[in-house]
Structures are given as C-alpha cells and as structure tokens.
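This report concerns only the one structure given below.
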Amino acid sequence: MIKKAVAYARVSSKEQEREGFSIPAQKKLLQDYAKKNGFEIVRFFEEAETAKQAGRKQFRRMLDFLEENLDIKDVLVEKVDRMYRNFHDSVSLQTNANHLRLHFVKQGKIHSKDSKSHDKLHHDIDLAVANYHVNNLSEEVKKGSDQKAAQGGWPGPAPLGYKNRLEDHTIIIHPEESVLIKKAYDLAATGQYSLLRLKKEMHRLGLRSKRAKVELSKSAMSRVLTNPFYYGYFLRKGTLYKATHPPIISKDLFDRVQEIMGYVKKPHQTKRLLTYRGTVTCAHCGCSITGEVKKGRYTYYRCTNGKLICDNVVYLREAELDEGFKNALRRIKIPREIIEWTENELKQSSAAQFKESQAQLSLLKKRFREIEGRLSLAYDHYLDGKITSDMWELKSKQWQDEKASLQNQLTTLELQDQGEQKNVLPLMDLASKASTLFDSMTSDEKREMLGLVLSNPQIKNGSLQYDFRFPFSYFVGIGHLEKWRGGRDSNPRPSA
C-alpha cells in the first residue's frame, strides 16, 4: 500500500546551494527511502537558509500544506539538524501538526507524539546538540571579527568616503566620496552650518547615501560627523581601535567639529548597578520589577506600577532574591553518571556528522586545488600573450571570489569537526555547580547564568516563581541515571 508523505531538504547557505552537492544528495537519499518503505512523496520542500533563526519560508509553507492535508502523516528529512536547529521550530512543528511522524532517514529514527519517552529524549538531545553547534559557530565567527578588529581591520562594510577592496579584504579611500567627507568636516568646523543646512549643502555638492544614492538624512549626516573612522580609528562593542586604513581628516579637526556641533557630552556619575532590575516581572500585572537603594546601602525591589495601580506591591530585599535564585539552582542535580552517559550519546550522534563533513571537506579542497591550478595556468597564458589582459582580469576575479567562498565553507566545516560535546558537557558541569558559585559571581554573571537556566522569573504574593529552561528541566531533582532515562516526560515543566 502506497502511503503519502512530504519531504524537506535544506542547506544552510546560498553558497552551498550553488555548489550543488547538498540538496541533490538529500533528495536522492529521501527518494530511495520512500521507494524502499512504500511512500509516495507528494510534495518536496527545498530551502537554502540557516535554521538558526525561526521563520524559514519553505518550512512555514510545509506546515501550512500539512495543516490543509491532514491525510498526510509522514515527513521525510535527512536528519534532525536539516529540519530545525532552534527550539521554536520544533515546538511549531509539534504544536501545529502533532499527528505527524518525522522520519530522520540518515539517523534511522522516527519521531512522533507516540514515541517512547526514551526516544523522545534522544530526539531532544539531537536538537540540543544542533542548537549548541549553531551558537558555537556564531561565537567562532564573532571571535574572527574580534581578532581582525584587534589587528586594526574593520570587519564590515566601508562607510561613506571609503570602499572595500575584495582582493585583500582591506578598506581603501574612495577618491570622490573622501573629498566630500573632508569638505563636510571643514564646513561644520566653521560654526556657520546647522545640521539641516549642512546636509543640504553637501547634497548640492554631490554627497549621496551609500546604497540608495539619495540625500543624507539628518541622522546619517550626524553619524558622518561623529564617526572616528575618518581620523583613523573605529568604535566596536564600546572599544576604540586604531585602524590600518588611511585617515581622511585629522583628529584635531574631528574634535573641533564635536565641540562646535554640540556632540561632546558632559560626564555623568555612574549609578549603582542593580543586579535584578529588568530581569523579574510582577505576576499580578506583568510589569517589570525595579530596584532602589535605601540609605545608600540597602537594595529593595518592587513592581514598577506602584501601589495605586497594582494591588499586590511588596518590597523584597536583594538578599531575599539572591536566596530564592540560589534555591532554584540547588534543584538542578546532574550526577556524574548522567554527564558520562550524555558524553557517550554526543559522541555517537556526532560520528555520522563527522563522516559527512569529511566527505564535504574533501570535495571543497579538491575544488580549491582545481581553481588554484586554473589561476596558475591562466597567468602563464597571460604572460605568454595567449590571453588578453581583460580576459585575465575577468577570469582571475571570478576564481578569486570562488576561492574566498570555498575558504569560508572550509573554515565552517573545520569548526564543526571540533565536536559539540566541548560546549554541552562544560555547560552541564557548570549548571551542577551554579548554586555554590552564585555568591562569588558578578551582577552580569548572575544575570547571564539565570537567563541560561531559568525562564519567566516572577514575583507573586511576595514569593519568587520561575520555570526551568530546556535542557535543565530534565535535571531537576534527578538522583540517578535510570530514573532520569525512564521516568521523565519529553518536555517537563517543573513548578517553582
């Protein structure tokens, strides 16, 4: 008997889609599986977007299609991280179409609402591993940008007055725009121009926005006049870096413009940082809980609505909230045997992914070598006069661009091969020790830890309430491995 099914295939970038080896490979795998197991694939959904964020178009269309065709109960996909890499999409799929059976073909698993608790746990671990992988990859990309900034390179698009040089990924002066930027600073330094008048004069002289090529808005003109980029520095994440690109103006001219145009701000006293301001809400009215310092030393928290609006306003000392949050963290118990079992599960889960990534690495490196060979041969032909200068420049640029794209993909795959257990296991170990470390943490570290472990912390009738985030909800009150494996629901929500 032929059964109806839909199939979903995804690659994480347009570059991978153009390479042509990922989507076709997934489709063939799913078609072979369908034929072997008596399925007719009535609709194929293909996507070339990252699954880190929710809201993919083809994924959404697949959900709509399944809601309109309730007789279709089977979805075929290569593996968990092709279907989703964030918890929101997992919840959407299970909530909007909870009658489905998800066939993760490469992993040999079928997931549905009727799956056994242990199988659901395996599925959730696969999802958690995929989610941690995306977060780790994002961190590595940020580290690369941070390293480039530390060396004086701006890791982004060049502002007005400059342009990006693709050959060596540097920033150089734009010959026409840079003259206009210098002119804008010179006019501003005279003190005879308001921001509105200055932007109109610069538009008359030929200054246009980078993309739309229209007159700059007041805010855009203001950003030009306050950007340290033009005197050879740049500001990133609150840190001022000395840049390697050439300046357009002097630092003295920049400082003079800041003073004349009124951009210099008076220093202000830093207020005492309140640890839990903005992190807790009132369960009665939904407003934020704010803090205030009494007598210069005692910190109290209360609902921002005030007694005239919220009938349940109470004052809690910061020490009471500290103790409440420590009690929450004490409930997380992760015995060593569970950490060791999880480590083994992660190793098994990543083995297949490692094998696949090695195959992709081999293909990418082969193509990389082919392009280098073509470049070398074409350059010899150019020197021998067999091809024209224009042809050499055209082809060399195409191949250099492809080399840069391949290098990015190689870097991504090499980062994947480092293994997700590096992130998951230390996180579990940290969570198990969180309550003992809590007192020695800074305010920022406390907020980061609580945001990682807890969701929706609230004050209700003077007491702290909260939920545990996934996957920490699994580890509340569990004393040994067998109880954890056999007695937990697939998505427990413990009460506070």
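Could you tell me whether the stretch 162-260 comes out rounded, prolate or oblate from its Cα gyration tensor? Rule is a ≥ b ≥ c as square roots of the eigenvalues, rounded for a/c under 1.5, then prolate if a/b exceeds b/c, otherwise oblate.
Details: a/c = 1.84, a/b = 1.26, b/c = 1.45.
Oblate, since a/c reaches 1.5 and b/c is not below a/b.
Multiplying the sequence separation of D252 and Q147 by 0.36 nm and subtracting their Cα-Cα distance, what value in nm do you get? List each step's numbers first, then the result.
Values: separation 105, 0.36 × 105 = 37.80 nm, distance 2.87 nm.
Contour length minus the Cα-Cα distance gives 34.9 nm.
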Report the trypsin sites (Lys or Arg not before Pro) located in the stretch 177-246 that are in a DSSP loop and have at most 16 other Cβ atoms inside 10 Å of their Cβ, or state none. R208, K210, R211, K213, K237
Amide H contacts of E47 (H built 1.01 Å from N, under 5 Å, at least 5 apart or other chain): A9, R10, V11
Using the Cα centre of the stretch 162-260 as origin and beta-carbon charges of +1 (Lys, Arg) and -1 (Asp, Glu), tell me which of V224, L180, A212 is placed farthest towards the positive end of the dipole. A212
Surpassing 24 Å at the alpha-carbon level, of the pairs K28/K116; K210/K395; K3/K113; K365/K386; K35/K57; K73/K116, are K28/K116; K210/K395; K365/K386; K35/K57
With θ taken as phi - 60° and the coefficients 6.51, -1.76 and 1.60, list the Karplus ³J(HN,Hα) couplings across the stretch 384-392 in order, rounded to whole Hz; mark glycine and proline as x. 7, x, 7, 10, 6, 4, 4, 5, 4
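No value in this document is a laboratory result; all are computed from the given coordinates. Bear in mind the structure is a predicted one, so any value in this text is a computation, not a measurement. When we count neighbours, we look across all protein chains shown, and the Cβ atoms used for this are built from the backbone with ideal geometry, even at glycine.
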